[in-house]
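Okay, structure first, notes after.
Computed from the coordinates by the stated procedures, all read-outs in this text should not be read as laboratory data. This structure is a prediction, so every number in the text was calculated from the model and none was measured. Note that we place each Cβ from the backbone using ideal geometry, even for glycine, and neighbour counts take in every protein chain shown.
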Amino acid sequence: MDERSFRSKLYVLEPIIQRLPEVSVPKRHIGFKEKLMWSGIALIIFLIMTQVPLYGMTAQAQNWFGSL
């Protein structure tokens with residue numbers, strides 16, 4: 001049998017997948033405490049930004065988004 005007959009049909013997508021950006025491997029080991037610290041910083045920034053009103057939105061529109 002031909003080798004190509006056993007290949008997955010997903011290999012058709014290979015040229016597209018090669019053009020997609022990917023995350024590079026870290027240059028050093030990132031410890032759990034550092035990951036936890038950055039996650040905490042992101043959470044604090046997120047919570048602060050949820051309290052900042054959006055400029056140009058009416059109060060009625062803000063209430064609509066508040067129910068989400």
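Points worth noting:
- In order along the stretch 29-42, the phi-based Karplus estimate (6.51 cos²θ - 1.76 cosθ + 1.60, θ = phi - 60°) of 3J(HN,Hα) comes to 6, 9, x, 5, 5, 5, 4, 5, 4, 5, 5, x, 4, 5 Hz; Gly and Pro are listed as x.
- Across the stretch 13-18, coupling constants 3J(HN,Hα) worked out from phi with the 6.51/-1.76/1.60 Karplus curve, θ = phi - 60°, read 7, 4, x, 6, 5, 5 Hz, and Gly and Pro carry x.
- Highest average packing first - 32-45, 15-28, Cβ atoms within 10 Å: 32-45, 15-28
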